[in-house]
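Each remark here refers to the structure printed beneath this line.
Read-outs throughout are calculated quantities, based only on the coordinates presented, and are distinct from any laboratory measurement. Small disclaimer: the values here were computed from a predicted structure and weren't measured. Here the Cβ positions follow ideal geometry from the backbone for every residue, glycine too, while neighbour counts run over all protein chains shown.
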Amino acid sequence: MANEIFYATITELAELLRSGKISSLELTRAYLDRLEKLGPRYNALAALTAEVALRQAKAADDSLKRKRFRNPLQGVPYGAKDLLATQGIPTTWGAEPYRSQVFDYDATVIRKLEKAGAVLAAKLAMVQLAGGGGYRYPSASMFGPGRNPWNPAHWSGGSSSGPGSAVAAALVPFAIGSETWGSILTPASYCGITGLRPTYGLVSRHGAMALSWTMDKIGPMCRSAEDCGLVLQIISGRDSRDSASSGKSFYYVKEYGRPLAELRIGYSPIDFERADESSRPALAEALEVFRKLGPKLVEISLPPMPYGQVAGTIIQAEGSTVFESLIQSDQLDRMPDERQKAGLRAGLELPARDYLRAMRIRRLIQEKMREVFTHVDLVLSYSTRGPATGINEALDRQRDARTMPDFEKEKRGNIDIGAAGNLAGLPAISLPCGFTAAKLPVGAQLVGRPFDELALVTLGREFQKQTDWHRRRPEPAGKG
Amino acid sequence: MTKTNLSRRAFARLLAASGAATRLPAQAPSPAEELRAANQRRTDTAQTLARFDLPIAAEPATVFRA
């Protein structure tokens with residue numbers, strides 16, 4: 001099969017499938033082959049789901065032959081982060097103690113995708129326990145460190161490491177990842193793909209490993225903003241099995257997007273100054289592209305609040321409680337990364353009053369964010385401060401700076417939008433916006449109001465009409 | 001090899017001349033040290049949040065969206 005097809009968008013694949021130029025079975029076999037050959041190079045693969053994939057591909061072909069077109073995902077293969085339950089197939093959570101864990105049901109997201117006709121080709125690797133406890137090295141995974149297809153000596157980002165690298169290397173057309181704080185946007189940025197973190201409660205968490213009940217979101221990681229919109233339309237919606245389900249759905253109707261000239265994008269020059277020097281040219285260029293697209297650019301800064309400390313406290317308390325029985329067992333020592341294990345243990349010592357204090361400040365942060373979005377429709381910043389880090393580089397110093405900033409003294413612009421956005425359950429999209437001199441991708445993030453994913457997707461689509469960063473392709477690992 | 005009393009600087013010069021690393025290998029923290037450090041981070045964070053001026057009437061978030 002010609003290489004071109006692996007880099008096609010969902011819309012392009014749908015056209016090929018509907019016209020009969022290719023069958024889902026052919027497409028699925030080609031992707032399975034590619035996953036098997038290249039997945040291990042990036043430590044992207046948790047498991048090939050060939051049996052399920054071929055069954056689903058045949059079912060999709062039956063519908064397509066009868067011209068029963070339902071949606072663009074029919075017959076299109078995808079990968080799922082290995083924290084999503086898949087009936088009868090191991091769901092490891094990236095962690096050795098759960099290597100043989102098998103659920104007898106599918107996560108809601110998996111069921112919705114099957115019903116839509118999408119084809120589950122693989123479970124994808126992740127950082128163990130989605131990073132709960134705070135890991136030091138990219139190797140904090142039973143699958144090894146996620147390797148970046150742009151440069152395998154660099155990290156793919158986490159905790160959705162497999163989805164990031166699998167989409168970038170065109171091993172799957174799209175993937176489902178998750179984010180508590182950074183786990184979709186970081187790998188999307190590092191791997192040069194488009195990742196969408198939905199509003200909290202828009203996509204059901206039923207069947208997904210919990211790290212933080214009040215902050216976990218499931219979202220698409222794709223080759224384009226439009227693809228993210230198409231996938232989100234399928235996976236969003238009410239689910240009585242998720243107590244946090246908002247009951248709302250997302251409909252990707254381009255005509256309902258607001259005219260770009262009516263949008264106000266908030267940004268701060270401080271973010272662009274604080275970004276890693278290597279990322280600044282790409283970010284500056286992205287700002288100019290957004291300016292030329294028509295929205296009004298407004299300088300704003302988040303009010304000084306302890307965003308990182310609040311997010312860190314809540315995730316530590318909830319995450320350690322989720323994994324209490326693991327932490328108190330001897331199974332925890334089967335996992336690598338001593339810092340992560342210590343963080344999980346320390347989380348069980350966190351007093352209730354500290355957690356409640358953080359939750360009280362969180363309510364104030366939510367009020368402040370509502371206020372911010374009376375002045376702007378979107379906030380623009382970098383997705384990650386710099387490009388992908390080295391595969392052996394310690395991550396905790398950077399993370400400690402994130403959770404322990406001196407919010408009282410420093411001028412921080414909007415660099416805390418990651419923590420603030422996740423605490424307030426806001427949606428965000430990471431768009432590839434260029435490369436560093438060392439040819440590592442750079443990502444820009446847009447954050448929107450609750451349930452305004454349409455603004456993110458439509459502005460992202462327009463950005464991607466003016467740029468071609470999302471179309472660039474890494475060299476296969478081992479070549480050159 | 002004959003045991004000699006080498007100063008640390010002399011030893012470092014010897015290692016450099018042999019092409020070996022001049023730094024002695026760093027000791028990874030023990031699990032107990034990691035746990036102490038993790039608890040220290042936890043209490044440092046709690047102290048930072050304790051300094052935040054929180055109105056007495058402020059209630060915890062119960063809806064996890066803005």
task: List the lysines whose Cα lies under 16 Å from the Cα of A:Lys368, skipping any in the same chain that are fewer than 8 positions away.
output: none
query: Taking every DSSP beta bridge that has both residues in the protein assembly as shown, what percent is antiparallel when rounded to the nearest 5?
result: 70
- prompt: In sequence order, what are the phi-derived ³J(HN,Hα) couplings for the range A:70-87 according to the Karplus relation 6.51 cos²θ - 1.76 cosθ + 1.60 with θ = phi - 60°, rounded to whole Hz, with x for glycine and proline?
  reply: 10, 6, x, 7, 4, x, 8, x, 8, x, 10, 3, 6, 10, 9, 5, 10, 4
Charge-dipole axis of the protein assembly as shown as Lys and Arg at +1 and Asp and Glu at -1 on Cβ define it, positive-most pick from A:Leu356, A:Ser245, A:Asn148: A:Asn148
task: Amide H neighbours of A:Thr86 under 5 Å, at least 5 residues apart or on other chains, H built in the peptide plane: list them.
output: A:Phe103, A:Ala107
task: Once you have a ≥ b ≥ c as the square roots of the Cα gyration tensor eigenvalues for the range A:157-286, tell me rounded if a/c is under 1.5, and otherwise prolate or oblate according to whether a/b is larger than b/c.
output: prolate
field: Peptide B:51-58, shielding by other chains (average Cβ, 10 Å cutoff)
entry: 4
task: Please work out the Cα center distance from the range A:141-216 to the range A:288-366, rounded to the nearest Å.
output: 17
- prompt: Can you give the relative contact order of chain A as a percent, counting alpha carbon pairs under 8 Å and 6+ residues apart?
  reply: 18
- request: Please give the peptides A:239-245, B:28-34, A:195-201, A:153-159 ranked by average Cβ packing (other Cβ atoms within 10 Å per residue), highest first, as a rough proxy for protection.
  value: A:195-201, A:153-159, A:239-245, B:28-34
statement: Cross-link reach from A:Lys58 to lysines, straight Cα distance under 17 Å and at least 8 residues apart if same chain, gives A:Lys21, A:Lys67, A:Lys115
query: What is the dipole size for the range A:247-374, taken about its Cα centre, with +1 at each Lys and Arg Cβ and -1 at each Asp and Glu Cβ, in debye to the nearest 20?
result: 600
- request: Beyond 18 Å between alpha-carbons counts as too far, so tell me which of A:Lys217/A:Lys411; A:Lys37/A:Lys123; A:Lys81/A:Lys217 fall in that bin.
  value: A:Lys217/A:Lys411
message: Give me a comma-separated list of calculated 3J(HN,Hα) values for the range A:90-107, in order, Karplus coefficients 6.51, -1.76, 1.60 applied at θ = phi - 60°, integers in Hz, x for any Gly or Pro.
response: x, 10, 8, 6, x, 10, 3, x, 10, 3, 9, 5, 10, 9, 9, 8, 9, 4
Cα centroid separation, the range A:417-449 to the range A:42-60 (Å): 30
query: Which trypsin sites (Lys or Arg not before Pro) from the range A:29-99 combine a DSSP loop assignment with at most 12 other Cβ atoms within 10 Å?
result: A:Arg66, A:Lys67, A:Arg68, A:Arg99
query: In deg cm²/dmol, rounded to 500, what helix-only [θ] at 222 nm does chain A give when every DSSP H run of at least 4 residues adds -39500 (n - 2.57) and the total is split over its residues?
result: -11500 deg cm²/dmol
message: Check which residues have an amide H placed less than 5 Å from A:Gly266's amide H, if you skip close sequence neighbours.
response: A:Val298, A:Asp377, A:Leu378, A:Val379, A:Leu380
- prompt: Exposure proxy check: A:Lys217, A:Lys123 ranked by fewest other beta carbons within 10 Å?
  reply: A:Lys123, A:Lys217
field: Where chymotrypsin sites (Phe, Trp or Tyr not before Pro) fall in DSSP loop in the range A:227-310, at most 16 other Cβ within 10 Å
entry: A:Tyr251
message: Can you list residues from other chains, or at least 5 along the same chain, whose modelled amide H is less than 5 Å from the amide H of A:Ser141?
response: A:Gln128
- prompt: Hey, what do the phi angles of the range A:20-34 turn into as Karplus ³J(HN,Hα) couplings, whole Hz, using 6.51/-1.76/1.60 and θ = phi - 60°, x for Gly and Pro?
  reply: x, 5, 8, 9, 5, 4, 4, 4, 5, 4, 5, 5, 4, 4, 5
task: Using a 10 Å cut-off on Cβ to Cβ distances, tally the other chain neighbours for every residue of A:336-347 and report the average as a whole number.
output: 5
task: May I ask for the net charge around A:Glu453, where only other residues with Cβ less than 14 Å from the Cβ of A:Glu453 are counted and Lys, Arg are +1 while Asp, Glu are -1?
output: +3
- prompt: How high is the relative contact order of the range A:196-311, in percent, with contacts defined as C-alpha pairs under 8 Å that are six or more residues apart?
  reply: 22
message: Taking 0.36 nm per residue of sequence separation and subtracting the Cα-Cα distance, how much length would be gained by fully extending the chain between A:Glu349 and A:Glu277, in nm to one decimal?
response: 22.0 nm
query: Longest segment of chain A with no GluC sites (Glu not before Pro) in a DSSP loop having at most 12 other Cβ atoms within 10 Å?
result: A:1-407
- prompt: Under 18 Å from the Cα of A:Lys465, which lysines turn up, not counting those fewer than eight places away in the same chain?
  reply: A:Lys254, A:Lys292
- prompt: Averaged over B:28-36, how many beta carbons belonging to a partner chain fall within 10 Å of each residue's beta carbon?
  reply: 4
